[in-house]
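Here's the structure, in structure tokens; my notes come after.
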Amino acid sequence: MTAKLIDGVAVAQKIRDECRERVQRIIAQGGTPPGLAVIIVGSDPASQIYVRNKIRACANVGIKSFRFDYPADVSQDTVIDQIMQLNDDPAVHGILVQLPLPPTFDMSRILHSISADKDVDGFHLYNVGGLVVGGTVFPPCTPYGVLKLLEHEHITLEGKNVVVVGASNIVGKPMALMLMQHEATVCICHAKTRDLAQFTILADILVVAAGYPNLIQPEMVRTGAVVIDVGINRLSDGQLVGDVNFAGVVAKASYITPVPGGVGPMTVSMLLVNTITSCERWQQQNFVPIVKKFSSARAAT
Ligand code: NAP
């Protein structure tokens, strides 16, 4: 068996084309174009590249972007004041704080100061809660992208055994919750899991987001499984690889995502989708923002 490659570049492009049409529709109806504010603290080179890519992708579909750069020694209150202003700015429908933040920052305090109605990364407690009970407004972009890839390939989730390797707040946990919403039977593994292979071998669909090259070897994968590799690892020779031994697993799986070119391109596309969704929500008649009370992090501290 040779797995079918899931082409994340093509699916992401299709989603961006749909985004462009949605933006044109908003403008044709006399609405304010979608706006995304991006806050970056410090000069981490990878973060600079990610932010540049996000801003370029916004321009490509007609989303306005507003970039705010701060030095690593900026005070936390300065950043929170900026977020508060953006929470009230009608030209801004999405606010994103690029992670990681400098270690002196209280990440959750920053993230929870973003209005849940503009939380296009889906990290606010309100939106995380929505993942648990169903009906989140903004699904986190990377797991949302994984679901879109599966949907594109007509891979159904109901009743499937899905194993998620990795339990971070931004990928593994929301991924597992979203899969549960789709009625999969979900198992979450993490760094303390004993004998990882005894779980992964049961997976009809294996989603790997550990940040550990070659973690998943062919003998850990059931023949015919769907393998989604979220990991992005830069090897010492500069090569970019996922968490899965691609050369080995491609001969055993039915579908597999390559790295690069699999999940990666989807993440930015889903950010565009969330930003446009937010814009459309704000422009609905009778729109009532979800939670002013959740955006008062500064006052509470
Ligand atoms: P993270 O915060 O470091 O979390 C890694 C998770 O993997 C943790 O839950 C950890 O377990 C678990 N883990 C680590 N080593 C393991 C092992 N040997 N066996 C089983 N589980 C293990 O990382 P993240 O932000 O979730 O990102 C994970 C990977 O996805 C990284 O390579 C990252 O670059 C990539 N990523 C890609 C995209 C994209 O757009 N494609 C987006 C985000 C992240 P513990 O909880 O026990 O520590």
Go through segment 172-185 and give me each residue that's open to solvent by 40 Å² or more (accessible area, probe 1.4 Å) and either farther than 20 Å from Glu158 by Cβ or among the β-branched types (Val, Ile, Thr) (or both). Lys173, Thr185
Looking at segment 240-252, can you tell me whether even one residue there is in a loop (DSSP other than H, G, I, E, B), more than 16 Å from the ligand (Cβ to nearest atom) and either open to solvent by less than 40 Å² (accessible area, probe 1.4 Å) or not basic (Lys, Arg) (or both)? yes
Residue pairs within 6 Å by beta carbon, gap of at least six or interchain, first lying in segment 208-226 and within 21 Å of Val171 (Cα to Cα), second within 8 Å of the ligand (Cβ to nearest atom) and of a type in the set (S, T, N, Q), listed first then second, are Pro213/Asn233
Quick check, is Leu215 under 23 Å from Leu202 (Cβ atoms), open to solvent by 20 Å² or more (accessible area, probe 1.4 Å) and of a type in the set (A, V, I, L, M)? yes
Could you pull out the residue among Leu215, Leu196 that is within 8 Å of the ligand (Cβ to nearest atom), within 22 Å of the chain's Cα centre (by Cα), modelled with pLDDT of 95 or more and farther than 30 Å from His124 by Cα? Leu215
Checking Asn60 against (1) open to solvent by 70 Å² or more (accessible area, probe 1.4 Å); (2) without any contact (Cβ under 8 Å) to a residue 40 or more places away in the chain: exactly one of these is not met. Which one? (2)
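Residues checked against (1) modelled with pLDDT under 95; (2) touching a helix residue (DSSP H, G or I) at 6+ places or on another chain (Cβ under 9 Å); (3) within 14 Å of the ligand (Cβ to nearest atom):
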{"residue": "Asn233", "(1), (2), (3)": "no, no, yes"}
{"residue": "Val263", "(1), (2), (3)": "no, yes, yes"}
{"residue": "Thr277", "(1), (2), (3)": "no, yes, no"}
{"residue": "Asn286", "(1), (2), (3)": "yes, no, no"}
{"residue": "Arg298", "(1), (2), (3)": "yes, yes, no"}
Give all pairs with beta carbons closer than 6 Å in which a residue from segment 169-194 that is more than 19 Å from Pro140 (Cβ to Cβ) meets a residue that is open to solvent by 80 Å² or more (accessible area, probe 1.4 Å) and modelled with pLDDT of 95 or more; count only pairs at least 6 apart in sequence or on separate chains. Glu183/Glu158
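A quick yes/no check of all residues on (1) over 22 Å from Cys189 (Cβ atoms); (2) in a loop (DSSP other than H, G, I, E, B); (3) under 16 Å from the mean Cα position of the chain (by Cα):
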position: Gly211; (1), (2), (3): no, yes, yes
position: Thr223; (1), (2), (3): no, yes, no
position: Gly261; (1), (2), (3): yes, yes, yes
position: Leu271; (1), (2), (3): yes, no, yes
How many residues does segment 218-231 contain that are in contact with a helix residue (DSSP H, G or I) (Cβ under 9 Å, 6 or more places away or on another chain), within 12 Å of the ligand (Cβ to nearest atom) and not charged (D, E, K, R)? 3
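How many residues does segment 106-127 contain that are within 16 Å of the ligand (Cβ to nearest atom) and either in contact (Cβ under 8 Å) with a residue 40 or more places away in the chain or closer than 28 Å to Val11 by Cα (or both)?
Going through segment 106-127 one residue at a time, the tally reaches 4.
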Give me a count of the residues in segment 128-152 that are exposed (fewer than 14 other Cβ atoms within 10 Å of the Cβ), touching a residue at least 40 places away in the same chain (Cβ under 8 Å) and either touching a Lys or Arg at 6+ places or on another chain (Cβ under 8 Å) or among the aliphatic types (A, V, I, L, M) (or both). 1
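The values are calculated or read from the model by the stated rules, or taken from the named source; none is laboratory data. This is a predicted model, so every value here is computed, not measured. Reconstructed Cβ throughout: ideal geometry from the backbone, glycine too, with neighbour counts over all protein chains shown. Note: accessible area is taken over every heavy atom of the protein model, side chains too, but ligands, DNA and RNA are not part of it. Shrake-Rupley method; radii C 1.70, N 1.55, O 1.52, S 1.80 Å.
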